[in-house]
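Every number in this text was worked out from the coordinates using simple rules, so none of it is lab data. As the structure is a computational prediction, the values presented were derived from the model and not from experiment. So basically every Cβ, Gly included, is an ideal-geometry build from the backbone, and we count neighbours across all protein chains shown.
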Amino acid sequence: MTGCRLYLITPPQIELDPFAAAFEQALSGGDIACLQIRLKDVPDAVVMAAGQTLIPLAQRAGVAVIINDRPDLAKALGADGVHIGQDDGTYADARRIMGAKSVVGVTCHDSRHLAMEAGDAGADYVAFGAFYDTATKAPKYRATPDVLTWWSDIFEIPCVAIGGITVDNARPLIDAGADFLAVSAGIWQYPQGPAAAVRAFNKLFV
């Protein structure tokens, strides 16, 4: 076993009921570590509604739920943690709001310096990327697999690989030492459906 696991990310915009059904399909496909609710440029009420629907589905299946950017909403929803980008508040503020037992992850782009800063501050994971082109957002940074190897060889804090990851291009990131693969379109737009995508990824991890 590689020890790598799936870290699902919602599309940036969702229709809640159809997406909840797609998420339940994904859950039926096999092991999933967590789901990040990443809804951009929407009212807070939309994020809250998504959390109120998706968090119970996830937690019943033993899947942690991370809210993107908003520790205040994560705390209000009882989510398992929050993910903070470099332009979306600070780790210190997120930790203060979420408390010591919650997960706080930090975007580190392609930067070893940012990753070491996040690790020293107490982040529960660091996220590197984008590794590939992605339709979810226009990547300002491009990471290469060697940063995953460098991190995993030196540090015990888990690292997440993100950005355009699919079943077809995931192998180099797994081999480089990623602890988690953060996947969005590679799950939700998989031709055979979300459950088949989860199964296919988990086969790569064996």
field: Separation of the Val42 and Asp17 label points, Cα + 7 Å toward Cβ, nm
entry: 1.6
Prolate/oblate/rounded call for segment 89-157, Cα gyration tensor, a/c under 1.5 rounded: oblate
query: Let a ≥ b ≥ c be the square roots of the eigenvalues of the Cα gyration tensor of segment 8-130; is it rounded (a/c under 1.5), or, if not, prolate (a/b larger than b/c) or oblate?
result: prolate
message: Quick check on segment 1-54: take the gyration tensor over C-alpha atoms, sort the square-rooted eigenvalues as a ≥ b ≥ c, and tell me if it's rounded (a/c under 1.5), prolate or oblate.
response: prolate
- prompt: Listed highest first by mean packing, meaning other Cβ atoms within 10 Å per residue, what order do 139-146, 30-37 come in?
  reply: 30-37, 139-146
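First select every other residue whose beta carbon is under 15 angstrom from the beta carbon of Ala170; then total the charges, Lys and Arg +1, Asp and Glu -1.
Net charge around Ala170: -1.
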Cα pair distances in the chain, grouped into 10 Å bins until the bin that holds the longest one, percent each: 9, 38, 40, 13, 0
- prompt: Computed FRET efficiency, Cβ-Cβ of Asp72 and Asp120, R0 35 Å: what is it to the nearest 0.05?
  reply: 0.90
message: For a 20 Å ceiling on Cα separation, which of these pairs sit above it: Lys40/Lys203; Lys75/Lys101; Lys40/Lys140?
response: Lys40/Lys203
